[in-house]
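Structure record follows, encoded as structure tokens.
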Amino acid sequence: MHSNHTIALPNRPPLLLGPTPLVMGILNVTPDSFSDGGQHDRVASALAHARQMLAEGADIIDIGGESTRPGAAPVGVQEELDRVMPVIDALVADGITTPISIDTYKPLVADQAVQAGASIINDVHGLQGAPEMAEVAALHGTAVIAMHWDKARDPAAPLLGAVADYLRRSVAMAERAGLARDRLIVDPGFGFAKSLTENYALLDRLDELAALGLPLLVGTSRKSMIGKLLGNQPEERLAGTIATNVLGYLRGGHIFRVHDVRANRDALRVAQATLYGPPENRG
Ligand code: 7PM
């Protein structure tokens, strides 16, 4: 059911991906999140949120300066750096050794974040937005999450083939820059230029992407594919999120990007026990 992968990371033990699901906790660093007390308060609340997600069992912390959101106003490089760098510095100063991923499509932000201690680049442009991105990853030997987001996709072409072809191009871009394909994780990009029907078809057919031979990340947490179905607000989408993640796991997913770490992790552990037996029977 789950393919096994060892993903090397700079200055860290490798990520081991296979039957045991990994949970990536989302750490949003935005001007309006949590605090109006200025820079110091913002960093302090981000650090507290990261510590909480680690206590809840997060395996990776994903830091995003919200430059990458569909429909959001683009954020400048300096603004994005001002948001994310103090938080990465604070996590490192705090002695956190859990791998940090940087959610950015900007090579300069990725480069700075990795130099400060991030070991994974989470690129919603799948290395296809800027040729320098694959070079930054290759230079530092980071892992890369290549997500599918094709705003120019032909809506008449079959979705699964289009996503797989796009991700194969991401792999080719990585290899051309000297980044080995065994450092890549792929992600179908739920909610990114896809209809509701397409998002659910992608989830149901996630197993078909296993043909790429790479580990799969699932990012559905609190997204509108759940809210449109249930008619609820983002904070009310945990049950729906868990359903998508358990199904994504059943279809071969390895990493689950979530806001609510504990509940998703609990659900995924139960799913793992169902497929592979409880820990006492697994050796
Ligand atoms: C507004 C719209 C705010 C969309 C936030 C979002 C993914 C990601 C995001 C994903 C990977 C969110 C998204 N989604 N990175 N970054 N995969 N790899 O809901 O699905 O978090 S941003």
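Readers should treat all values here as calculations from the given coordinates under stated rules, not as data from a laboratory. The shown structure was predicted, so the numbers you read here are calculated from the model rather than taken from an experiment. Cβ sites come from the backbone with ideal geometry, for glycine too, and all protein chains shown count toward neighbours.
Some observations on this one:
- Helical content of the chain, expressed as a calculated mean residue ellipticity at 222 nm, amounts to -13000 deg cm²/dmol (DSSP H runs of 4 or more residues, -39,500 (n - 2.57) each, divided by residue number, nearest 500).
- Separation between Cα centres of region 39-85 and region 1-30, rounded to whole Å: 19 Å
- Under 19 Å from the Cα of Lys223 - aspartates and glutamates, other chains or at least 8 residues apart: Asp62, Glu66, Asp103, Asp123, Asp150, Asp187, Glu198, Asp204, Glu235, Glu236, Asp260
- Summing +1 for each Lys or Arg and -1 for each Asp or Glu among the other residues whose beta-carbon sits under 12 angstrom from that of Leu81 gives -3.
- Summing charges over neighbours of Leu209, with a neighbour being any other residue whose Cβ is under 15 Å away from its Cβ, gives -1 when K and R count +1 and D and E count -1.
- In this structure the amide hydrogen of Phe256, modeled in the peptide plane, comes within under 5 Å of the amide hydrogens of Leu22, Val23, Met24, Val218, none closer than 5 places in sequence on its chain.
- Those trypsin sites (Lys or Arg not before Pro) in region 173-278 that DSSP places in a loop and that have at most 16 other beta carbons within 10 Å: Arg205
- 3J(HN,Hα) along region 137-146, derived from phi through the Karplus expression 6.51 cos²θ - 1.76 cosθ + 1.60 where θ = phi - 60°, amounts to 5, 5, 4, 9, x, 7, 7, 10, 9, 9 Hz, with x in place of Gly and Pro.
- Relative contact order, percent, the chain [alpha-carbon distance under 8 Å, six or more residues apart]: 20 percent
- Couplings 3J(HN,Hα) of region 84-99, computed from phi: 8, 4, x, 6, 4, 4, 5, 5, 5, 4, 6, x, 5, 9, 4, x Hz, in residue order, whole Hz [Karplus 6.51 cos²θ - 1.76 cosθ + 1.60, θ = phi - 60°; x for Gly and Pro].
- Our coupling estimate for region 51-57, obtained by passing each phi through the Karplus curve with A = 6.51, B = -1.76, C = 1.60 and θ = phi - 60°, is 4, 5, 5, 5, 5, 7, x Hz, Gly and Pro reported as x.
- Look at the alpha carbon pairs under 8 Å that are at least 6 residues apart: their mean separation over the length of region 132-283 gives a relative contact order of 20 percent.
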